[in-house]
Amino acid sequence: MGKKIKRRDNYFVYIVKCPNNFFYTGYTSNLAKRIKRHNSGHGAKYLRGKLPVKLVFAKQYRNYKNALIEERRVKKLTRREKKRMILAYKKKKIN
């Protein structure tokens, strides 16, 4: 029998920006730990050699299924659409 996945109450969809201005989208149950892991070089293979990353967007979800659906949706967005989303997030965060 397979290992049972532990479910958490909070998940985050996030976007980080690399020094080369590329965006990376992911989801996690522990945002601070995930960003730290990315910056240590032990996160996603895509980000290796593109460090340090900076968190530019995060949105919280109550369950992993909704977060996973949103992550897939965001990954399909164009760069322009992601920039708009990030800008709206920054404006909301300031107000």
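Laboratory data are not the source of any read-out in this text; all were calculated from the coordinates shown. Because the structure is predicted, anything quoted here is derived from the model rather than measured. As a convention, Cβ positions derive from the backbone with ideal geometry for all residues, glycine included, and neighbour counts pool all protein chains shown.
How big is the dipole moment of the range 11-94 about its Cα centre under a simple scheme where the beta carbon of each Lys and Arg is +1, that of each Asp and Glu is -1, and everything else is neutral? Debye, nearest 20, please.
Dipole of the range 11-94, to the nearest 20 debye: 200 debye.
Whole-Å semi-axes of the chain's equivalent ellipsoid, largest first, each the root of 5 times a Cα gyration tensor eigenvalue?
22, 18, 13
Could you go through the range 78-88 in sequence order and give the Karplus-derived ³J(HN,Hα) for each residue, using 6.51 cos²θ - 1.76 cosθ + 1.60 with θ = phi - 60°, rounded to whole Hz, and x for Gly and Pro?
Taking θ as phi minus 60°, the curve returns 6, 4, 4, 5, 5, 4, 4, 4, 5, 4, 4 Hz for the range 78-88.
Which whole-number percent is the relative contact order of the chain (Cα, under 8 Å, 6+ apart)?
Numbers: 122 pairs, mean separation 30.8, N = 95.
Value for the chain: 32 percent.
Over 24 Å between C-alpha atoms is what I'm after, so list which of K45/K93; K17/K90; K50/K93; K65/K91; K54/K91 land there. Intermediate results must be reported in sequence, preceding the final value.
Working: K45/K93 30 Å; K17/K90 14 Å; K50/K93 26 Å; K65/K91 27 Å; K54/K91 17 Å.
Distance filter (> 24 Å) returns K45/K93; K50/K93; K65/K91.
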